[in-house]
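**Student:** Structure incoming, see below.
The values are calculated or read from the model by the stated rules, or taken from the named source; none is laboratory data. The structure displayed is predicted, hence computed values, not measured ones. Backbone-built Cβ (ideal geometry, glycine too); neighbour counts: all protein chains shown. Keep in mind that these areas ignore ligands, DNA and RNA; they rest on the heavy atoms of the full protein, side chains included. Shrake-Rupley method; radii C 1.70, N 1.55, O 1.52, S 1.80 Å.
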Amino acid sequence: MRLEASQLRIKTEMPLHLMLLPGVLVTLVYAYGPILGVVMAFQKFEPVLGFFKSKWVGFKNFKYVFNLPDFHQVMWNTILISSLKIVFSLLVPLVLALLLNEITKKWFQRMIQTSIFLPFFLAWTVLGGVILELFSLRGPVNDLMSSFGLEPIMFMGSNNWFRAIMVGSDVWKGMGYNMIIFLAAITGINASLYEAAEVDGAGKWKQMIHITLPGMMPIIILMSTLSLGNILNAGFDQILIMYNPTVYQGADIIDTFTYRLGLFSQQFAPAAAVGLFKSAISVGLVSLSYYLAYKFSNYRIF
């Protein structure tokens, strides 16, 4: 009987496994296959010799990378930009969700919600070109400033302005997604709490402070803790499309530094060392974020 039940289960689930097979193969080839290349981080890698014949040098590549004059600045840029993105990517959608929740006209609420969410679907290759045109020396932003008698600013050539634009544009692009999550958390709050607060004479402000925000606190804590795993992901595609040599000092992050070190300078082994270094720290941060999410919000993957 057990054998027949097992055979029946295999026969029933076989179409599902076959459906998953293409995705599994793509993941193995493009996600797990390249992991074998981390061996370059411990070799004096030469493409002609390959992985098996290149000389083994141990941790020399790591020492070389850590002693590069730009490495510490790159680490600081990565942590600063990603931290600002994490903070404002949580704060701005939270404020928008609280404001949008107060709109009584549902059709107007849906229209605003859709317009805010639309940039999330656009790739950085599209948005990058738009932002470059907007903030160029002769772009609409500088034209507007000139109409008020202000001097034009080279936004995309200034380290400080470039960071602000990267953070602001990233928040603008992704705030619709996080706003939806916060709105879902608000709808899960018991409506009778608001009715009781109105009976007691509490206004909208007090209701938000004493009911809405405490009711949203579990999802706020969850999203905050899970975002810790992205502290070293400052937005490779976004910055790569828009940055230039004049803003390397303030905008060069680990991913773009690795890209230039490996492909432009053809220092494949040091680039692999930087990538492995980042991956090791990211794994630790992701593990920590899931542990904190489980501890404070009882969030579990399995």
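**Student:** Look through LEU16, LEU49, LEU36 and report the one residue that is surrounded by 12 or more Cβ atoms within 10 Å (Cβ to Cβ), modelled with pLDDT under 85 and not polar (S, T, N, Q).
**Tutor:** Details: LEU16 fails: surrounded by 12 or more Cβ atoms within 10 Å (Cβ to Cβ); LEU36 fails: surrounded by 12 or more Cβ atoms within 10 Å (Cβ to Cβ).
On inspection, the qualifying residue turns out to be LEU49.
**Student:** Going by the structure shown, is VAL92 β-branched (Val, Ile, Thr), modelled with pLDDT of 85 or more and buried (at least 17 other Cβ atoms within 10 Å of the Cβ)?
**Tutor:** Numbers: β-branched (Val, Ile, Thr): yes; modelled with pLDDT of 85 or more: yes; buried (at least 17 other Cβ atoms within 10 Å of the Cβ): yes.
Judged against the criteria, VAL92 is a match.
**Student:** Something else now. So, in region 151-160, exactly how many residues are without any contact (Cβ under 8 Å) to a residue 24 or more places away in the chain, open to solvent by 70 Å² or more (accessible area, probe 1.4 Å) and either assigned to a helix (DSSP H, G or I) or not charged (D, E, K, R) (or both)?
**Tutor:** Initial filter on region 151-160 (without any contact (Cβ under 8 Å) to a residue 24 or more places away in the chain): 151-155.
The next check asks that each one be open to solvent by 70 Å² or more (accessible area, probe 1.4 Å); those that pass are 151, 154.
Imposing the further condition that a residue be either assigned to a helix (DSSP H, G or I) or not charged (D, E, K, R) (or both) reduces the set to 154.
Total satisfying the criteria: 1.
**Student:** Residues in region 162-176: is at least one at pLDDT 85 or above, more than 22 Å from ILE254 (Cα to Cα) and in a loop (DSSP other than H, G, I, E, B)?
**Tutor:** No, every residue in region 162-176 fails to be at pLDDT 85 or above, more than 22 Å from ILE254 (Cα to Cα) and in a loop (DSSP other than H, G, I, E, B).
**Student:** Looking only at helices (runs of 4 or more DSSP H) that lie completely in region 228-302, which have at least 3 residues being farther than 26 Å from LEU90 by Cβ and open to solvent by less than 40 Å² (accessible area, probe 1.4 Å)? Lay out the reasoning, then the answer.
**Tutor:** Values: elements: 236-242, 248-251, 254-259, 268-297.
Hits in region 228-302: 268-297.
**Student:** Could you say whether any residue in region 224-242 is under 28 Å from ASN101 (Cα atoms) and among the aliphatic types (A, V, I, L, M)?
**Tutor:** Step one: of region 224-242, the residues under 28 Å from ASN101 (Cα atoms) are 224-228.
Right, trim to among the aliphatic types (A, V, I, L, M) and you get 226, 228.
Yes.
**Student:** Scan region 65-79 for residues that are hydrophobic (A, V, I, L, M, F, W, C) and open to solvent by less than 40 Å² (accessible area, probe 1.4 Å) and jot them down. Working first, answer last.
**Tutor:** Applying the first criterion (hydrophobic (A, V, I, L, M, F, W, C)) to region 65-79 yields 65-66, 68, 71, 74-76, 79.
Of everything in region 65-79, those that are hydrophobic (A, V, I, L, M, F, W, C) and open to solvent by less than 40 Å² (accessible area, probe 1.4 Å) turn out to be VAL65, LEU68, PHE71, VAL74, MET75.
**Student:** Within region 162-206, work out how many residues are surrounded by fewer than 12 Cβ atoms within 10 Å (Cβ to Cβ) and in contact with a Gly (Cβ under 6 Å, 6 or more places away or on another chain).
**Tutor:** The qualifying residues number 0.
**Student:** A further question follows. Could you count how many residues in region 185-214 are free of Cβ contacts under 8 Å to residues at least 12 places away in the same chain and among the small types (Gly, Ala, Ser)?
**Tutor:** 6
**Student:** Evaluate the following for ASN67: is it modelled with pLDDT of 85 or more, within 30 Å of MET223 (Cα to Cα) and not aliphatic (A, V, I, L, M)? Break it down into steps so the answer makes sense when it comes.
**Tutor:** Numbers: modelled with pLDDT of 85 or more: yes; within 30 Å of MET223 (Cα to Cα): no; not aliphatic (A, V, I, L, M): yes.
Taking the combined requirement at face value, the residue does not satisfy it.
**Student:** Look through region 52-64, keep the residues that are assigned to a helix (DSSP H, G or I) and open to solvent by 70 Å² or more (accessible area, probe 1.4 Å), and return whichever of them is nearest to ARG260 (Cα to Cα). Spell out how you get there, then give the answer.
**Tutor:** Pass one, region 52-64, residues assigned to a helix (DSSP H, G or I): 52-53, 60-64.
Still in the running and open to solvent by 70 Å² or more (accessible area, probe 1.4 Å): 52-53, 60, 63-64.
Numbers: PHE52: 25, LYS53: 25, LYS60: 20, LYS63: 18, TYR64: 16 Å.
In this case the residue turns out to be TYR64.
**Student:** What is the one condition in (1) over 30 Å from LYS206 (Cβ atoms); (2) without any contact (Cβ under 8 Å) to a residue 40 or more places away in the chain; (3) basic (Lys, Arg) that ARG110 does not satisfy?
**Tutor:** (1)
**Student:** State whether the residues of region 215-224 include one that is touching a residue at least 12 places away in the same chain (Cβ under 8 Å), in contact with a Lys or Arg (Cβ under 6 Å, 6 or more places away or on another chain) and either under 25 Å from LEU84 (Cβ atoms) or not hydroxyl-bearing (Ser, Thr, Tyr) (or both).
**Tutor:** no
**Student:** Here is a further query. Answer yes or no: is there a residue in region 188-209 that is assigned to a helix (DSSP H, G or I) and within 27 Å of LEU288 (Cα to Cα). Please lay out each step first, then the result.
**Tutor:** Quick first cut of region 188-209, residues assigned to a helix (DSSP H, G or I) only: 191-199, 204-209.
This time we only want the ones that are within 27 Å of LEU288 (Cα to Cα), so: none.
No.
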